[in-house]
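Some notes on the structure that comes next.
No lab work stands behind these numbers, since they all come straight from the coordinates. The shown structure was predicted, so the numbers you read here are calculated from the model rather than taken from an experiment. Cβ placement follows ideal geometry from the backbone for every residue including glycine, while neighbour counts extend to all protein chains displayed.
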Amino acid sequence: MTQHDGAYFPRDRNWHPKLLTPDYKTSVLRSPQKPLISFGNSLSETTGPVFGHNDLGELDSDLIQNYARSGESALGERIIVHGRVLDESGRPVPQVLIEVWQANAGGRYRHKKDGYLAPLDPNFGGCGRALSDDNGYYAFRTIKPGPYPWPNGVNDWRPAHIHFSLFGSGFAQRLITQMYFEGDPHIALCPIVNTIKDPQAIDMLTAKLDMNNTIPMNARAYRFDLVLRGRRSTLFENRLEGN
Amino acid sequence: MTKLAYLKESPSQTAGPYVHIGCTPNVIGNDGIYPQDLGAAMITGPAKGEQITFAGRIFDGTGTVLRDAMVEIWQADAQGIYNSPAETRGAADPNFTGFGRQAVDMESGAFTFETLKPGRVPFPDGRLQAPHINIWIVARGINLGLNTRAYFSDEETANADDPVLARIEHKHRIQTLIAQKERNTYTLDIYLQGERETVFFDI
Ligand SMILES: [Fe+3]
């Protein structure tokens with residue numbers, strides 16, 4: 001059997017945002033200026049921490065309930081965010097720990113450094129996590145976050161978004177990104193979104209309304225698939241070693 | 001020419017200033033969702049090997065310390081084995097996870113991991129790498145997580161033979177990856193820019 005456990009495909013750093021993107025001002029002083037040093041993956045890169053169901057609590061993937069007082073729930077547009085995690089070869093990636101965080105329906109974060117005047121929701125923490133199944137499938141239930149202003153230009157607003165963090169099977173697959181919502185006019189205006197140059201890449205981060213998986217009279221669904229780095233086959237590498 | 005049907009990796013976006021909410025909720029007082037933050041404890045029982053503290057801070061291009069970064073480390077146990085299903089050489093110490101995650105201190109900017117000194121791990125060609133800690137840094141203003149490594153100041157011989165350090169053309173830059181030992185603490189300050197810019201890797 002072919003073992004897909006070799007080195008990861010190199011990252012396409014023209015597809016990802018560059019580190020230095022002056023329209024996103026904070027990047028100017030936080031972007032390394034010297035070329036990155038490349039080397040082939042060793043076990044230090046192809047291994048990584050892997051988590052299981054024992055690490056998760058029952059309500060972890062339900063942001064409507066996991067911070068709510070008994071008998072109450074978070075305020076806002078109820079949505080299901082779901083999709084699959086695949087690798088670049090199109091194979092499902094099981095057992096991916098997906099962590100999400102987001103602002104509440106008014107665009108306010110439960111964070112001591114967020115001073116936006118929109119109120120906190122006492123029933124919303126803004127944090128959740130889930131594990132992909134054998135088919136790479138995952139799902140969350142939450143409320144749609146609100147857009148919020150941020151200090152960059154004089155009047156920059158973030159489109160509604162959910163932050164995503166993913167652990168694949170190797171540390172080299174580690175990824176943090178953001179999910180946007182189809183049809184949001186702020187996507188085109190946002191300096192953080194526009195750190196990504198290819199419109200197709202931005203489209204990959206834009207969840208689509210999924211009426212087929214909407215639960216009538218309960219919650220709309222948004223579909224959001226994610227792709228982690230793929231790996232080379234080690235079939236020939238093993239033969240070369242004489243196995 | 002037919003294009004091979006590969007997918008593209010999901011593009012990265014900054015973790016932003018509020019990464020704590022999702023990744024270390026307990027340190028900002030958003031408790032009651034998770035019993036414990038992921039990666040808060042690396043040593044979970046009587047682990048074999050030398051216990052050390054790995055500490056440092058991260059500086060921007062003006063020399064200002066970052067107070068909103070998150071640092072993750074990943075390392076082998078004292079025998080050089082990773083606690084991972086992708087490890088091919090045997091079982092790691094069950095009392096050591098190898099994975100640590102910390103938001104830097106919101107006042108001082110410091111990270112301080114209580115961990116073990118890692119053993120040596122082979123490179124694909126069979127040569128042994130010097131003991132090292134793999135580091136991943138995300139923060140507001142960082143569009144794609146930064147990978148670097150910490151090596152150890154008391155491993156001069158192993159460092160001199162390390163195949164990754166050997167890839168660094170400007171030898172004076174190797175120093176940016178060497179954590180300095182003082183008693184059982186190894187300290188590595190990380191510079192995102194400037195004369196002392198840390199070596200970052202494209203892994
Ligand atoms: Fe945000």
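Things worth noting here:
- Matching residues, the range A:101-158, being at the interface with chain B (Cβ under 10 Å from one of its Cβ atoms), crowded, with 23+ Cβ neighbours inside 10 Å and of a type in the set (A, V, I, L, M, F, W, C): A:W101, A:A103, A:C127
- Considering residues of the range B:26-54 that are outside any loop (DSSP other than H, G, I, E, B) and more than 15 Å from the ligand (Cβ to nearest atom) only, the residue surrounded by the fewest Cβ atoms within 10 Å (Cβ to Cβ): B:Q51
- Screening the range A:28-56 for residues that are facing another protein chain (nearest Cβ under 7 Å) and within 20 Å of the chain's Cα centre (by Cα) and picking the one that is surrounded by the fewest Cβ atoms within 10 Å (Cβ to Cβ) gives A:V50.
- If you go through the range B:119-140 and keep only what is of a type in the set (A, V, I, L, M) and in a strand (DSSP E or B), you end up with B:L128, B:I133, B:I135, B:I137, B:V138.
- Within the range B:132-145, the set of residues being more than 7 Å from chain A (Cβ to nearest Cβ) and closer than 17 Å to A:L166 by Cβ comprises B:I137 only.
- Output for the range B:95-118, where each listed residue is part of a loop (DSSP other than H, G, I, E, B) and over 14 Å from B:W74 (Cβ atoms): B:N95, B:V104, B:D105, B:M106, B:E107, B:S108, B:G109, B:A110, B:K117
- Exactly one residue out of B:T198, B:T148, B:T185 is in contact (Cβ under 8 Å) with a residue 24 or more places away in the chain and within 18 Å of B:Y82 (Cα to Cα), and it is B:T148.
- Residue check for B:A103: under 13 Å from the mean Cα position of the chain (by Cα), over 24 Å from A:T46 (Cβ atoms) and within 13 Å of chain A (Cβ to nearest Cβ): yes
- Taking the criterion of being away from the ligand (no atom under 13 Å from the Cβ) and not in a loop (DSSP other than H, G, I, E, B), the residues of the range A:93-134 that qualify are A:L97, A:I98, A:E99, A:G128, A:R129, A:A130, A:L131.
- Among the residues examined, B:I73 qualifies as among the aliphatic types (A, V, I, L, M), under 18 Å from A:G48 (Cβ atoms) and touching a residue at least 60 places away in the same chain (Cβ under 8 Å).
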